[in-house]
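Here the structure is laid out as structure tokens; the discussion comes afterwards.
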Amino acid sequence: MTPEVLRTEVLAGLVVALALIPEAISFSIIAGVDPSVGLFASFTMAVVISVVGGRPAMISAATGAVALVVAPLAREHGLGYLFAAVILGGLFQIALGALGVANLMRFVPRSVMVGFVNALAILIFTAQVPELVDVPWMVYPLVVAALLLMVFFPRLTKAVPAPLVSIIALTALTVGAGIAVPTVGDKGALPSSLPVPGLPDVPFTLDTLKLVAPFALALALVGLMESLMTATLVDDLTDTRSNKTRESIGQGIANIVTGFFGGMGGCAMIGQTMINVKNGARTRLSTFLAGVFLMILCIAFGPIVSDMPMAALVAVMVLVSFGTFDWHSIAPATLKRMPTGEIAVMVVTVAVVVATGNLAIGVVVGSVIAMIIFARRVAHFATVTGLVDPDGHRVVYTVNGELFFASSNDLVHRFDYAGDPDKVVVDLTAAHVWDASSVAALDAVTTKYAARGKTVEIVGLNEHSARMHGALSGELTGNH
């Protein structure tokens, strides 16, 4: 590594660490835990994933997505169960990674991805509302001032993250002027030392497993989805490819370590990753240093961090939510061009996520609806046209399109069984047989003609279709 590359990686890691502090604390508050729990998670996730992850220069830490998933468990059952869920979620991620879940990302449609991102933005925004209710009136002008500073400061320089500048400015103002507003210290004590490993304080029983397993699975799915989405984005930005399976397994290992070290779990962070990459980072060193610098800042400057006003963090998260939302997706010009089905999928994904507070459920529901719409659309592409020979002794039916469970159901009704001549040819040169439903439909056609004393010849099967038809024809019913 050249001195120039080393300098770039170190500076990028430092900038990311500075930007991580307010978000890690904010996500801790969303999850309903002490700030130290989110900061420990950001430290361990970044350090571990820098070694075992599959996408260099990508930042993993405590995230809003994971915070929203684990918040009910932490609130109702305590930290011990939260840490157990994080460890189990990591085990689920390793298993899913080994099973090739990364390859399934290709089946998540873009409309679901957009819905996922928009729902995440809405949930992050609504999570700030409690911090703006029943608070001193000075909180509101402070939030506005922080937002204005973050919007206009980048026009002067982008060398230092605007959120950090905003937090420092508001902290200096509230402390210097003695303005009494809620602070980070009111939420809980910051860490004064490095985290130490330990087992979760829960009974190791089947009841505990039943309680934490749903949260762990949701954490695993949400974490993998966000991480793989971010990895794909970085691949595009850097014109490089990454090992998605290794990244999936690496996320699991990082979450297991995080759970044992008292962290709330996490995944890849889109915002911090963009800061890292746009500052020129391309190696694992920047990710590692981001975690290390984060702990140094907390331990060495803990009292200062404790004096940060919550108004500044609320403003940061509001800006994050607005930056996360895909505004282009709801622009009238975009909606006018988008197919109705895709708009519906996006809206349903957002609605389900917001209603349930579970990103994974929304993505699954959205993907299923998208697949149903796709299947219905493709089903209409299978056509059947018949042409009777001039001598009237033979009819040739040409089938065109993809034959699968959705399209083959209507296949049986496309033939004139009573009126056709005795010899029938079904030409599948322009078709493809995908499943048993299609073979069963062809068998039904043959059977209906046979019942009328007519013969059917099926021709033009490609290699895959011929193999499937040969293996299943006549075997799908009890009438052999």
Normalised contact order of the chain, rounded percent, pairs of Cα under 8 Å and 6 or more residues apart: 26 percent
Spin-label pair ALA430/ARG241, simplified geometry with 7 Å Cα→Cβ offset, distance in nm: 3.6 nm
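Students sometimes get this wrong: rank VAL133, VAL378, VAL348 by accessible area, probe 1.4 Å, all chains present, largest first. Numbers along the way, then the final one.
Values: VAL133 75, VAL378 20, VAL348 45 Å².
Accessible-area ranking of VAL133, VAL378, VAL348, largest first: VAL133, VAL348, VAL378.
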Considering Cα pairs under 8 angstrom that are at least six residues apart, work out the relative contact order of region 1-159 and quote it in whole percent. 16 percent
Angle, helix 139-152 long axis vs. longest principal axis of the chain, Cα atoms, 0 to 90°, nearest 10? 70 degrees
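Working out 0.36 nm times the residue gap between ALA466 and VAL10, then minus their Cα-Cα distance, what length gain in nm do you get to one decimal?
Details: separation 456, 0.36 × 456 = 164.16 nm, distance 5.99 nm.
Going from the current span to full extension adds 158.2 nm.
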Ordered by residue, what ³J(HN,Hα) values in Hz, to whole numbers, does region 450-456 give under the Karplus form 6.51 cos²θ - 1.76 cosθ + 1.60, where θ = phi - 60° and Gly and Pro are x? 4, 5, 9, x, 10, 9, 10
For ALA431, enumerate residues with amide H under 5 Å from its amide H, sequence gap 5+ or separate chain, H modeled in the peptide plane. GLY401
Once the convex hull of the C-alpha atoms of the chain is built, how many Å³ does it hold per residue, rounded to a whole number? 195 Å³
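State the antiparallel share, in %, of DSSP beta bridges confined to the chain, rounding to the nearest 5.
Details: 9 of 23 bridges.
Expressed as a percentage, antiparallel bridges in the chain total about 40.
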Could you compute the longest span of the chain free of trypsin sites (Lys or Arg not before Pro) located in DSSP loops and having at most 11 other Cβ atoms within 10 Å, not counting the site residues? 1-240
What is the sum of charges, Lys and Arg at +1 and Asp and Glu at -1, for the other residues whose Cβ falls under 11 Å from the Cβ of VAL388? -2
How much accessible area does HIS432 have with a 1.4 Å probe, in Å² rounded to the nearest 10? 30 Å²
Per-residue [θ]222 nm for the chain (sum of -39500 (n - 2.57) over DSSP H runs n ≥ 4, rounded to 500): -20500 deg cm²/dmol
Mind listing the phi-derived Karplus ³J(HN,Hα) values for region 18-23, rounded to whole Hz, using 6.51, -1.76 and 1.60 with θ = phi - 60°, and x for any glycine or proline? 4, 6, 6, 4, x, 6
Relative contact order (percent, whole number), region 347-480, Cα cutoff 8 Å, 6+ residue spacing: 19 percent
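Could you calculate the FRET efficiency of LYS158 with VAL347 from 1/(1 + (r/R0)^6), where r is the beta carbon distance between them and R0 is 41 Å, rounded to 0.05?
Details: r = 35 Å, r/R0 = 0.85.
Computed FRET efficiency for LYS158 and VAL347 comes out at 0.70.
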Between LEU206 and ALA98, what is the FRET efficiency for a Förster distance of 22 Å, r being their Cβ-Cβ separation, to the nearest 0.05? 0.35
What order do ASP391, ASP134 take when sorted by accessible area (1.4 Å probe), most exposed first? ASP134, ASP391
If each part is reduced to its alpha-carbon centroid, region 89-110 and region 221-260 end up apart, in Å, by 10 Å
Whether region 247-383 is rounded, prolate or oblate, judged on the alpha carbon gyration tensor where a/c under 1.5 counts as rounded: prolate
Accessible area of PHE301, 1.4 Å probe, to the nearest 10 Å²? 100 Å²
The answer for MET308, listing residues at least 5 apart or on another chain whose modeled amide H is closer than 5 Å to its amide H, is VAL184, GLY185
Per the 1/(1 + (r/R0)^6) rule, R0 = 45 Å and r from the Cβ atoms of PHE125 and HIS413, FRET efficiency to 0.05 is 0.30
Taking the alpha-carbon centroid of each part, what is the distance from region 403-480 to region 20-46 in angstrom? 60 Å
May I ask you to list the lysines whose Cα is less than 28 Å away from that of LYS244, ignoring any residue fewer than eight positions away on the same chain? LYS278
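For region 232-363, with every protein chain kept in place, what is the accessible area per residue (1.4 Å probe, Å²)? List each step's numbers first, then the result.
Numbers: 5490 Å² over 132 residues.
With all protein chains present, region 232-363 gives 42 Å² per residue.
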On a full-extension model of 0.36 nm per residue, what is the gain between VAL378 and LYS448, subtracting their alpha-carbon distance, rounded to one decimal in nm? 22.6 nm
The ³J(HN,Hα) series, computed from each phi in region 121-132 with the Karplus coefficients 6.51, -1.76 and 1.60 at θ = phi - 60°, rounded to the nearest Hz and given as x for glycine or proline, is 4, 5, 5, 5, 5, 5, 5, 7, 4, x, 6, 10
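Subtract the Cα-Cα distance of ALA180 and VAL133 from 0.36 nm times their separation in residues, and report this length gain in nm to one decimal. Don't skip to the end; give the middle numbers.
On the way: separation 47, 0.36 × 47 = 16.92 nm, distance 1.57 nm.
Net length gain for the segment: 15.4 nm.
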Could you tell me which of rounded, prolate or oblate describes region 167-299, using a ≥ b ≥ c as the square roots of the eigenvalues of the alpha-carbon gyration tensor, with rounded for a/c under 1.5 and, failing that, prolate when a/b is larger than b/c and oblate otherwise? oblate
Of all the accessible heavy-atom surface of the chain, with the other protein chains kept in place and a 1.4 Å probe, what percent is carbon and sulfur? 67 percent
Give me the lysines in straight-line cross-link reach of LYS448: C-alpha distance below 20 Å, same-chain residues under 8 apart excluded. LYS423
Solvent-accessible area of SER407, probe 1.4 Å, all protein chains present, reported in Å² to the nearest ten, please. 10 Å²
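The values are calculated or read from the model by the stated rules, or taken from the named source; none is laboratory data. Predicted model only: the values in this text are computed from it and were never measured. Every residue, glycine as well, gets a Cβ built from its backbone with ideal geometry; the counts of neighbours run over all protein chains shown. Heads up: the accessible areas ignore ligands, DNA and RNA and are worked out on the full protein's heavy atoms, side chains in. Shrake-Rupley method; radii C 1.70, N 1.55, O 1.52, S 1.80 Å.
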